1. In a Debye calculation with equal point scatterers on the alpha-carbon sites of the range 16-77 and no solvent, what is log10 I(q)/I(0) at q = 0.30 Å⁻¹?
2. Going 7 Å from the Cα of E17 along its beta-carbon direction, which residues of the range 29-60 have the amide nitrogen within less than 20 Å of the resulting point?
3. Answer with one residue from G49, C19, L77: the one whose Cα lies farthest towards the positive end of the charge dipole of the range 16-77, charges on Cβ with Lys, Arg +1 and Asp, Glu -1.
4. Skipping prolines and chain starts, which residues have an amide H placed within reach, meaning under 5 Å, of the one on V27, given they are 5 or more residues away or on another chain?
5. Counting other C-beta atoms within 10 Å, which of D39, D57 has the fewest, and how do the rest follow?
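Just so it is clear, none of the values below were taken in a lab; they were calculated from the coordinates. All of these numbers come straight from a predicted model, not from anything done at the bench. Don't worry about glycine lacking a Cβ; one is built from the backbone with ideal geometry, like all the others, and counts go over all protein chains shown.
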Amino acid sequence: MQKRPVPSFKREQIELEHCSICKGKAVVKGLFYELVCADCNGSGWVVWGSKLVLSSDELVTQLSFKLQHAQREISALKVSPPMAGPQSQYEQSNRLGAGGTNYTGD
Ligand SMILES: [Zn+2]
């Protein structure tokens, strides 16, 4: 078994919603270029209900939870080959590591 870094206490997943200022895009259109949205700390997300902005370190963790959830949904949508095993999982995480940028192709 591989050792994983274990936090000293369990981090709760906070429900997030799209920032209403930038509509979840994390940036707002300036006159000539896009500016990082100040209302959501450039994340596109605020706390559901209260619309509070998360601090940068909390944001990283919460966005990671969200990304992991999204990735699980994506892999659930993919048709798994009959022989899918630990090896295919390994290949998948490799691919995600290599292409893990925020580029959206807009
Ligand atoms: Zn925003």
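1. At q = 0.30 Å⁻¹ the computed log10 ratios are -1.17.
2. What the label zone holds, given the 20 Å backbone N cut-off, is 37-55, 59.
3. Most positive-ward Cα: L77.
4. HN-HN under 5 Å from V27: C37.
5. Arranged by neighbour count, lowest to highest, D39, D57 become D57, D39.
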